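J.: There's a structure below that I have some questions on.
A short reminder: the numbers here are calculations on the coordinates, not readings from a lab. Keep in mind it's a predicted model, so treat the numbers as computed, not measured. Quick reminder, even Gly has a Cβ in these numbers, built from the backbone with ideal geometry, and neighbours come from all protein chains shown.
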Amino acid sequence: MYDSQDLVELIREQALQLGDFTLASGKQSNYYLDCRKVTLEARGAQLIGAGMLELLGDPMPSLVGGMAIGADPITGSMLTLAGTRGIPLRGVIVRKEAKEHGTGRRVEGPYVPGEELVIVEDVVTTGGSSLRAIECCEAVGLRVKRVLAIIDRLEGGRAAFAERGYELSTLLTIKDFGL
């Protein structure tokens, strides 16, 4: 069961760091959210998986996934919980670069072109990572419906998605941490 206050406390204890940081977007920040410390921990994975399944709502898409490696544990926790609930959900992994061996694919997983996909992400700043994932998924024929994230830093990501016609839904925003 998802409890937003439990998730806030867990992230505050394990993932929120104060200091001077350069983010993946290139922006400077006085805090950093390393959500892998939560998504790769049993209680955190359970809370995030349950919360993300609630955000998916009805009708349920066929697929969830996003850019490796941040989205991978989120996708895994969602699939695991969906499986225990009898929900037929599948996942994809979007590689940062195409493999140079095997099939050379950037989007991996049990999908068929034309299926609906919801992109998942840990932290949204500008939305750049998820927008790259969307481009890759659409290039293989998937229909991206929207984006789900654990935390929105409220630094332009929502507007970047809206500008391209995608809705962003999040479990939390940085305001939940008093920042």
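J.: Only sites in a loop by DSSP and with at most 16 other Cβ atoms within 10 Å count here; which trypsin sites (Lys or Arg not before Pro) in region 1-80 make the cut?
T.: Passing sites in region 1-80 are K27.
J.: Please state the relative contact order of region 130-179 as a whole percent: Cα pairs under 8 Å, 6+ residues apart?
T.: The normalised contact order for region 130-179 reaches 36 percent.
J.: Which whole-number percent gives the relative contact order of region 4-177, counting Cα pairs below 8 Å spaced six or more residues apart?
T.: After rounding, I find 19 percent.
J.: Moving on. I need the calculated FRET efficiency for the pair D3 and E167, taking r as the beta carbon distance and R₀ as 22 Å, to the nearest 0.05.
T.: E between D3 and E167, to the nearest 0.05, is 0.40.
J.: Helix-derived [θ] at 222 nm for the chain: sum -39500 (n - 2.57) over DSSP H runs of at least 4, divide by residue count, nearest 500?
T.: Per the formula, -10500 deg cm²/dmol.
J.: Taking the Cα centre of the chain as the origin, how large is its charge dipole in debye, to the nearest 20, when only Lys and Arg (+1) and Asp and Glu (-1) carry charge on their Cβ atoms?
T.: With only Lys, Arg, Asp and Glu charged at Cβ, the dipole is about 380 debye.
J.: Sticking with this structure for a sec: What does the charge count around V38 come to, taking other residues whose C-beta lies under 13 Å from its C-beta (Lys +1, Arg +1, Asp -1, Glu -1)?
T.: -2
J.: Relative contact order for region 99-159 using alpha-carbon pairs under 8 Å, separation at least 6, rounded to a whole percent?
T.: RCO, region 99-159: 42 percent.
J.: Which distance in Å, rounded to a whole number, links the C-alpha centroids of region 34-110 and region 127-167?
T.: 15 Å
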